[in-house]
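Q: To start, I am sharing the structure in question, which I have written as structure tokens.
The values are calculated or read from the model by the stated rules, or taken from the named source; none is laboratory data. Predicted, not measured: the structure shown is a model, and the values here were computed from it. When we count neighbours, we look across all protein chains shown, and the Cβ atoms used for this are built from the backbone with ideal geometry, even at glycine.
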Amino acid sequence: MERVTGDHSESNCQRNPVFGGAGATEGGIPWASAAAWRETQRSLKRTVAASLADLGAAATLAERIMHRYDLAGDLFDELTDVTCGACPRPCCLDAKVWLDFKDLLLIHLSGQEAPPGQLRRDWWGRCRYLTSNGCALPRGVRPWVCTWYICPDQRRAIARGLPGAPVRLARWWPQITSWRDRMEHAFMLAVYRPSGSQRRPTSRWSSCGSLSCR
């Protein structure tokens with residue numbers, strides 16, 4: 001089993017916009033506290049509602065991503081059936097992952113309900129949504145890293161029994177990653193006006209494009 005960290009390093013969290021006010025990031029995990037999580041969801045919901053007329057490009061990209069998630073979901077449901085149940089130490093037990101800003105943005109732009117809390121409260125506990133039957137979250141509201149990470153056993157299963165899947169995945173993953181970047185950029189363009197006239201639909205935003213950069 002390999003350790004899964006994805007792009008969830010502390011520097012990446014600080015580079016992305018972070019909602020939730022002071023104390024939103026605990027030990028590098030954004031919005032780990034219940035209060036910060038609730039404030040983040042309220043802020044994003046209000047921001048999306050206030051900027052809805054200008055969010056067409058971002059919403060279209062979110063729709064594309066969700067369509068790809070649906071296609072990939074069928075493949076991964078099949079993969080998990082033949083690999084995860086027999087794994088002595090599933091990756092989800094040790095993976096240090098969480099929902100980042102792009103994940104939350106996709107959830108809100110696609111009209112889904114955010115989970116009741118961040119995946120983990122600290123570095124030591126396991127994901128709160130991991131059950132004996134697998135992940136309790138629908139694929140569309142999981143972190144992107146939970147979808148794109150393919151363990152060695154799954155790679156072997158793909159090579160043995162799913163012809164054409166490696167080609168599809170090799171095409172889909174860069175597409176989704178690019179669309180997520182473009183979705184975030186389109187959101188920022190819609191929320192922040194050019195020429196110094198910024199929209200502030202929810203509360204005080206800092207100069208780095210967030211309520212809290214740390």
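Q: Considering the stretch 147-193 alone, what residues qualify as being touching a Gly at 6+ places or on another chain (Cβ under 9 Å), among the small types (Gly, Ala, Ser) and farther than 18 Å from Arg68 by Cβ?
A: Within the stretch 147-193, Ala190 is the sole residue that qualifies.
Q: Something else: Somewhere in the stretch 27-43, is a residue of a type outside the set (Lys, Arg), in contact (Cβ under 8 Å) with a residue 40 or more places away in the chain, assigned to a strand (DSSP E or B) and out of contact with any Cys (no Cβ under 7 Å at 6 or more places or on another chain)?
A: yes
Q: Enumerate the pairs (first residue in the stretch 182-195 and under 13 Å from Ala58 (Cα atoms); second residue anywhere and modelled with pLDDT under 90 and among the charged types (D, E, K, R)) with beta-carbon separation below 8 Å, excluding pairs fewer than 6 apart on the same chain, so at least 6 apart or on different chains.
A: Val191/Arg199
Q: Report yes if some residue within the stretch 158-169 is of a type in the set (Val, Ile, Thr), surrounded by 12 or more Cβ atoms within 10 Å (Cβ to Cβ) and farther than 26 Å from Pro116 by Cα; otherwise report no.
A: yes
Q: Return yes or no: is Cys87 out of contact with any helix residue (DSSP H, G or I) (no Cβ under 6 Å at 6 or more places or on another chain), surrounded by 18 or more Cβ atoms within 10 Å (Cβ to Cβ) and either farther than 20 Å from Ser178 by Cα or hydroxyl-bearing (Ser, Thr, Tyr) (or both)?
A: no
Q: Return only the number of the condition from (1) in contact with a Phe, Trp or Tyr (Cβ under 6 Å, 6 or more places away or on another chain); (2) not in a loop (DSSP other than H, G, I, E, B) that Ser178 does not satisfy.
A: Checking Ser178 against (1) in contact with a Phe, Trp or Tyr (Cβ under 6 Å, 6 or more places away or on another chain); (2) not in a loop (DSSP other than H, G, I, E, B), the one that fails is (1).
Q: Mind telling me which of the residues Glu113, Glu78 ends up being in contact with a helix residue (DSSP H, G or I) (Cβ under 8 Å, 6 or more places away or on another chain), surrounded by fewer than 18 Cβ atoms within 10 Å (Cβ to Cβ) and of a type in the set (Asp, Glu)?
A: After ruling out the rest, the residue left standing is Glu113.
Q: Given the criteria in contact with a His (Cβ under 8 Å, 6 or more places away or on another chain) and either surrounded by fewer than 19 Cβ atoms within 10 Å (Cβ to Cβ) or modelled with pLDDT of 85 or more (or both), does Val145 qualify?
A: Taking the combined requirement at face value, the residue satisfies it.
Q: Pick out the one residue from Gly117, Gly85, Gly111 that is modelled with pLDDT under 85 and either out of contact with any Cys (no Cβ under 9 Å at 6 or more places or on another chain) or among the small types (Gly, Ala, Ser) (or both).
A: Gly85
Q: Please work out if Leu105 is touching an Asp or Glu at 6+ places or on another chain (Cβ under 7 Å) and assigned to a helix (DSSP H, G or I).
A: So Leu105 fits the description; yes.
Q: Here's a check for you: in the stretch 129-174, which residue that is in contact with a helix residue (DSSP H, G or I) (Cβ under 6 Å, 6 or more places away or on another chain) and assigned to a loop (DSSP other than H, G, I, E, B) is nearest to Leu75 (Cα to Cα)?
A: Residue satisfying both the conditions and the ranking: Cys151.
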